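Comments concern the structure below.
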Amino acid sequence: MTQNLADTSRPAADAAHEAAALDPVTGSTSRGWWRDAVIYQVYPRSFADSNGDGMGDLPGIRSRLPYLRDLGVDAVWLSPFYASPQADAGYDVADYRAVDPMFGTLLDADALIRDAHQLGLRIIVDLVPNHSSDQHEWFQRALREGPGSPLRERYHFRPGKGEEGELPPNDWESIFGGPAWTRTENPDGTPGDWYLHLFAPEQPDFNWENPAVADEFRSILRFWLDMGVDGFRIDVAHGLVKAPGLPDIGGADQLKLLGNDVMPFFDQDGVHEIYRSWRRILDEYPGQRIGVAEAWTPTVQRTANYVRPDELHQAFNFQYLGTDWDAAALREVIDLSLDSMRPVDAPTTWVLSNHDVTRHATRFANEPGLGTQIRTPGDRALGLRRARAATLLMLALPGSAYVYQGEELGLPDVTDLPDEVRQDPSFFRQAGQDGYRDGCRVPIPWSGSEAPYGFGPVAGGPSWLPQPAEWAELSVEAQTGDPSSTLELYRSALAVRRAQPDLGAGTEVEWLDGPEGTLLFRRGSFVCTVNTTGEPVRIAAPGRLLLASTELVVDGGETVLAPDATGWWAV
């Protein structure tokens, strides 16, 4: 089951790292709460706006914490709310110990953490250690002081190639498109060195070979742990260490290599010593504080390196997120994921959507094989049906699950945003990412019949991205109490998961025989049945029906699995 914060029934897998400890959230002891936690991602600018300026904020999130408690999640992950020029929606941090005024103050953060703990929710905050904002004090001083400044050693400044240094130091490409290098201007106005930025030019990469960088982030960790946060989601966890000498890759279209090869700027073995040092800090604090890696790696096996017993606690399972709605493909990635995490005694994580990919209700509405950024709405009824089924499959698997805000409402991506309202930096750079991340970041609807649908305090008020007119019928208010709604499906699923002892933590599934296009598996006294085909499938009824993503017909000892449907059974 989804473990209660006070639950101590499950034995620790590794006593050295999961010894029972006093839990600051509940005042009781617990073991390995993260192993089966359901963690809800809040994208602060799009969750709830308390002051009517069209931008979500920390007081808005705080006001909606009871909703998240009642939904049934265990923890809340907050995307960045630090002081930032917002060149990349807060993933360009200017001050890691300050809250950006658009989101509130440190006092608001403190109040949010305290309220969450009183409600039995944990708080995980985003940490961005691969790069800072170009407005960070260190980087600004490095520019002002020019060549020879010690501050330049904290970033990757390099002389250019060519007779006048007019060419970038190597051939690396930015994830957002174009070269990964930008040339500076010296204090005297002459062309200067180049600096590395794997993302936008406003996001210079730190040089983790410099001891001052490691010291600074250990201090940042302690600052927020002392504030009471329960863990960190580590952005670009695979990117901190670069190969010695920053070697050329030797070709263009490098983005196509990501996820297939170990790159000289991603997934270098040196990152693991950093996380070992962070784990020692996390273990100093009571209540089992955790680290979660956003690590894009070529294989699930390499992802497992980030969650060895002396490193981080979880890593996102992007291989699962990118799998099409196909029984054979899903079974393969489930087995591979569980097999890869078992040797390091780490929980597998499951996720279907986040702030960087097209919502799965839209991905599944389109033809398979289109990737995780899709520009067309597809068949929305089909997409929602598959999304509901996929959710029950995900929540039935052993390990921890992540829910992105609004997916519990069945929200589709907004695929028709006009160009003039887009803010994704990759949208404005050629040859980079598709730049359609704005579609999954549109503020979510809470209530009412007109925008901003309760996102802000004033009807007809602003929202930083426009919301579709049809979202009125998808709001929390509209779906609450409707037994057929996606919101009530999530509430029921999380309640069943919490109540069923064989759901949640663990490492095993027992696959059962079933017709082609189906997934049937058992976990103790629980069975999950999934039909990924577009046709009804008749199977023997496994037991008593607990929950289904759509209506299932039970006829005697048989049941008809509806097309694109999942059922939960007690046996």
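The values are calculated or read from the model by the stated rules, or taken from the named source; none is laboratory data. Model, not experiment: these values are computed from the prediction. Using ideal geometry, Cβ is built from the backbone for each residue, glycine included, and neighbour counts are taken over all protein chains shown. Side chains are part of the model used for accessible areas, which takes the heavy atoms of the whole protein and leaves out ligands, DNA and RNA. Shrake-Rupley method; radii C 1.70, N 1.55, O 1.52, S 1.80 Å.
Just how large is the dipole of the chain about the Cα centre, in debye to the nearest 20, putting +1 at every Lys and Arg Cβ and -1 at every Asp and Glu Cβ?
Around 1280 debye, computed over the chain.
State the extension gain, in nm to one decimal, for the chain segment bounded by Arg538 and Ser449, taking 0.36 nm per residue of separation less the distance between their alpha-carbons. Display every interim value, and only then the final one.
Numbers: separation 89, 0.36 × 89 = 32.04 nm, distance 4.13 nm.
Difference between extended and current length: 27.9 nm.
Over the alpha carbons of region 247-394, what is the largest minus smallest coordinate on each principal axis, giving the biggest first in Å?
That gives 49, 45, 26 Å along the principal axes, largest extent first.
Answer with one residue from Leu258, Pro286, Gly270: the one whose Cα lies farthest towards the positive end of the charge dipole of region 247-288, charges on Cβ with Lys, Arg +1 and Asp, Glu -1.
Checked the options; the winner is Pro286.
Rounded to the nearest 20 debye, what is the charge dipole size of region 394-541 about its Cα centre when +1 sits on each Lys and Arg Cβ and -1 on each Asp and Glu Cβ?
520 debye
With +1 on each Lys and Arg Cβ and -1 on each Asp and Glu Cβ, and nothing else charged, work out how big the dipole of region 195-346 is about its Cα centre, in Debye to the nearest 20.
Charge dipole, region 195-346, about its Cα centre: 280 debye, nearest 20.
Sequence-distant or interchain residues sharing an amide H contact under 5 Å with Asp95, placed H: which?
Those qualifying (amide H under 5 Å, at least 5 residues apart or on another chain) are Ala83.
Run the accessible area of the chain with a 1.4 Å probe and give the carbon-and-sulfur part as a rounded percent.
50 percent
Just reorder Glu164, Glu216 by solvent-accessible area, largest first, 1.4 Å probe, all chains present.
So the residues, ranked largest to smallest area, are Glu164, Glu216.
Over all alpha-carbon pairs in region 427-521, figure out the percentage whose distance exceeds 17 Å.
For region 427-521, the fraction of Cα-Cα distances above 17 Å is 69 percent.
Could you derive backbone 3J(HN,Hα) for region 182-187 from the dihedral phi with the Karplus parameters 6.51, -1.76 and 1.60 (θ = phi - 60°), listing whole Hz in sequence and x where the residue is Gly or Pro?
Taking θ as phi minus 60°, the curve returns 10, 7, 9, 10, 5, x Hz for region 182-187.
Starting from the Cα coordinates of region 45-175, work out the convex hull volume and express it per residue in Å³.
Per residue, the Cα convex hull of region 45-175 comes to 143 Å³.
Near the amide H of Gly287, under 5 Å away, which other amide H atoms are found, from residues 5 or more places off or on another chain, if H is placed in the peptide plane?
Distant-sequence amide H within range of Gly287: Leu22.
How would you order 220-227, 485-492 from highest to lowest mean count of nearby Cβ atoms within 10 Å?
Listed from highest to lowest mean packing, they are 485-492, 220-227.
How large is ³J(HN,Hα), in whole Hz, for each residue of region 194-210 in order, when computed from phi with the Karplus curve 6.51 cos²θ - 1.76 cosθ + 1.60 and θ = phi - 60°, using x for Gly and Pro?
With the stated coefficients, region 194-210 comes to 9, 10, 8, 8, 5, 10, 6, x, 7, 10, x, 6, 5, 9, 6, 6, 8 Hz.
Work out how far the C-alpha atoms of the chain reach from end to end along every principal axis, then list the three figures in whole Å, largest first.
85, 54, 48
State, as an integer percentage, the relative contact order of the chain based on alpha-carbon contacts under 8 Å between residues 6 or more apart.
Relative contact order for the chain comes out at 14 percent.
Modelling each spin label as a point 7 Å along the Cα-to-Cβ direction, I'd like the Asp345/Asp269 distance in nm, to one decimal.
For Asp345 paired with Asp269, the spin-label model returns 2.4 nm.
When the Kirkwood radius is taken over all Cα pairs of region 64-107, what Stokes-Einstein diffusion coefficient follows at 10 °C and 1.306 mPa s, in µm²/s?
135 µm²/s
Along the charge dipole of the chain, pointing to its positive end and built from +1/-1 on Cβ of Lys, Arg, Asp and Glu, which listed residue (Thr348, Gly120, Trp208) has its Cα farthest out?
So the residue furthest toward the plus end is Gly120.
Quick check on the chain: helices-only [θ] at 222 nm, where DSSP H runs of length 4 and up contribute -39,500 (n - 2.57) each and the sum goes over total residues. Nearest 500, please.
-6500 deg cm²/dmol
Counting only DSSP beta bridges with both residues in the chain, what percent are antiparallel, rounded to the nearest 5?
60 percent
What ³J(HN,Hα) values, in whole Hz, does the Karplus curve 6.51 cos²θ - 1.76 cosθ + 1.60 give for region 352-361 when θ = phi - 60°, with x put for Gly and Pro?
So the J values, rounded to whole Hz, are 10, 8, 7, 6, 10, 10, 4, 4, 5, 5.
Out of residues 5 or more away from Ala315 or on other chains, whose amide H comes under 5 Å of its own, with H placed 1.01 Å from N in the peptide plane?
Residues meeting the criterion, in which the H sits 1.01 Å from N, are Ala293, Thr349.
Name the helices (complete DSSP H segments) of the chain with a Cα length along the long axis of 15 Å or more and a Kyte-Doolittle mean of at least -1.0, or state none.
Within the chain the helices that satisfy the rule are 106-118, 211-227, 271-284, 327-341, 380-396, 486-499.
Rolling a 1.4 angstrom probe over the protein heavy atoms, how many square angstrom per residue are accessible across the chain?
I get 36 Å² per residue for this part.
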